Amino acid sequence: MIRIGRRLPELPPQSERPDWVEADPRFIAEATTRAMAREGGGWCVLDASHRIGEKPRKLRVAGRDLVVFRAKDQVVAAPNACPHMGAELHEGRVEDGRVVCPWHGLALGAEGRGTWQCLKTHDDGVLVWVRAIAGEALTDAPVVSPRPERFVSGVVRMDARCEAEDIVANRLDPWHGTHYHPHSFATLRVTDKDPDRITLRVAYRAIGPLVVEVDCTFHAPTRRSIVMTITGGDGIGSVVETHASPIDDGRCAVVEATIASSDRKGFRFARQVAPLLRPFIERRAARLWVEDVAYAERRYALRTEVRSGALRVVREPARAGAAAAPRR
Ligand code: FES
Ligand SMILES: [Fe+2]
């Protein structure tokens, strides 16, 4: 392992306790509960801004199929069923800022029509958000955490059989990093933690034996987002935002934006070729999320098995025996 990039100050001697002891399930559960208690404002992330264009897309959010497209200077998100006879609007085309129904040509736009009304959307330049979650105190705009001024970015979106809570819990367990993703992380040490913020030093693998060491923090600005911010080493101010967007009961989309910055001279050039860098950023994030989706799905399966009583079978023979015991 060869360290490249800025040197960080030495840390005090490390705890000898193995990661599986440090990864205290009670701490992760408490941090997750506190994150899930935060406001969401009804907002969730749909996808990357650059992937929402004039071609209508169907995206399912919180149990509803939406048609999503870009119309001039705004993103339209509305029910995917045509108010005339129910055709799927994402199969239509956009003309003059309106989606034209593929069955009989009804044109529908941001002004709405009868019960067919658009949802509020927000394009922050990297991600597109929609206000589609019922049962929460609604806000005019989503909580967008501070980002670097100049950056290159990449966004991945993946579906998972779990709930937002499981995605959040995965991000609040940094201790799995070097064990579960050895291809990406060489060393990882949690340097400070409370249920609202976890601080760590991590050496991530750049190429071959070369690693870059940074200090970073994890926190949850809303009940559906976790933000990792680099606070020391190369790329200070860079963030990785992980958003969990409910699709349906027990299904959730992970949308993760890597927003990287640097004060190094070469970064100006990197920004000029940002579209070329994007696939590399996204491939790296996707590799991690294939594994983390499996983690989140496993967590969800265990939670729901316990809830449905499937795990109770282990205890049942003992109870049956007790019931059969002779009365006194
Ligand atoms: S179903 Fe859309 S115009 Fe008829
Ligand atoms: Fe992970």
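All of the numbers you see were taken from the coordinates with simple rules; none came from a lab. Since this is a predicted model, take the numbers as computed values, not measurements. Reconstructed Cβ throughout: ideal geometry from the backbone, glycine too, with neighbour counts over all protein chains shown.
Within the chain, what is the number of lysine pairs with alpha carbons under 20 Å apart, leaving out pairs fewer than eight places apart on the same chain? If you can, show how the numbers build up before the last one.
Values: Lys55/Lys72; Lys55/Lys120; Lys58/Lys72; Lys58/Lys120; Lys72/Lys120.
So the count works out to 5.
Please give the length that would be gained between Ser308 and His104 if that part of the chain were fully extended, namely 0.36 nm times their separation in residues minus their C-alpha to C-alpha distance (nm, one decimal).
68.8 nm
Give the shape of region 43-131 as rounded, prolate or oblate, defined through the alpha-carbon gyration tensor: a ≥ b ≥ c are the square roots of its eigenvalues, a/c under 1.5 means rounded, and otherwise the shape is prolate if a/b is larger than b/c and oblate if not.
Judged from the Cα gyration tensor, region 43-131 comes out prolate (a/c at least 1.5, a/b above b/c).
Give, in nm to one decimal, the length gained when the segment between Ala134 and Asp192 is fully stretched (0.36 nm per residue of separation minus the Cα-Cα distance).
17.3 nm
Hey, for a label at Asp19 modelled as a point 7 Å past Cα toward Cβ, could you say which residues of region 258-284 have their backbone N under 18 Å away?
Under cut-off, by backbone N: nothing.
How large is the direction-averaged shadow of the alpha-carbon convex hull of the chain, in nm²?
Computing the convex hull of the Cα atoms and averaging its projections yields 23.8 nm².
Taking the Cα atoms of region 1-76, report the difference between the largest and smallest coordinate on each principal axis, in whole Å and largest first.
56, 36, 20
Going 7 Å from the Cα of Ser145 along its beta-carbon direction, which residues of region 245-276 have the amide nitrogen within less than 19 Å of the resulting point?
Residues 245-246, 253-262 qualify, since their backbone N sits under 19 Å from the label point.
From the phi angles alone, apply the Karplus equation (6.51, -1.76, 1.60; θ = phi - 60°) to region 6-23 and give each ³J(HN,Hα) in whole Hz, x where the residue is Gly or Pro.
Values per residue, Gly and Pro as x: 5, 7, 9, x, 4, 9, x, x, 7, 4, 7, 5, x, 4, 5, 7, 4, 6 Hz.
Residue by residue through region 199-210, which ³J(HN,Hα) values in whole Hz follow from phi under the Karplus form 6.51 cos²θ - 1.76 cosθ + 1.60 (θ = phi - 60°), with glycine and proline marked x?
10, 8, 10, 9, 10, 9, 7, 8, 9, x, x, 7
Convert each backbone phi in region 109-124 into a coupling constant with the Karplus relation 6.51 cos²θ - 1.76 cosθ + 1.60 (shift: θ = phi - 60°), then list the ³J(HN,Hα) values in order as whole Hz, x for Gly and Pro.
Taking θ as phi minus 60°, the curve returns x, 4, 6, x, 7, x, 7, 7, 10, 7, 8, 6, 10, 8, 10, 8 Hz for region 109-124.
At 4 °C and 1.567 mPa s, grab the translational diffusion coefficient of region 105-200 from Stokes-Einstein with a Kirkwood Rh over Cα pairs, rounded to a whole number in µm² per second.
Translational D for this selection: 72 µm²/s.
Contour minus end-to-end for Val273 and Asp65, with contour as 0.36 nm per residue of separation and end-to-end as the Cα-Cα distance?
Full-extension gain reported as 71.3 nm.
To the nearest 20 debye, what is the magnitude of the charge dipole of the chain about its Cα centre, counting +1 on the Cβ of each Lys and Arg and -1 on the Cβ of each Asp and Glu?
Dipole about the Cα centre, nearest 20: 440 debye.
What residues have an amide H closer than 5 Å to that of Asp47, excluding those fewer than 5 places away on the same chain, when H is modeled at 1.01 Å from N in the peptide plane?
Val128
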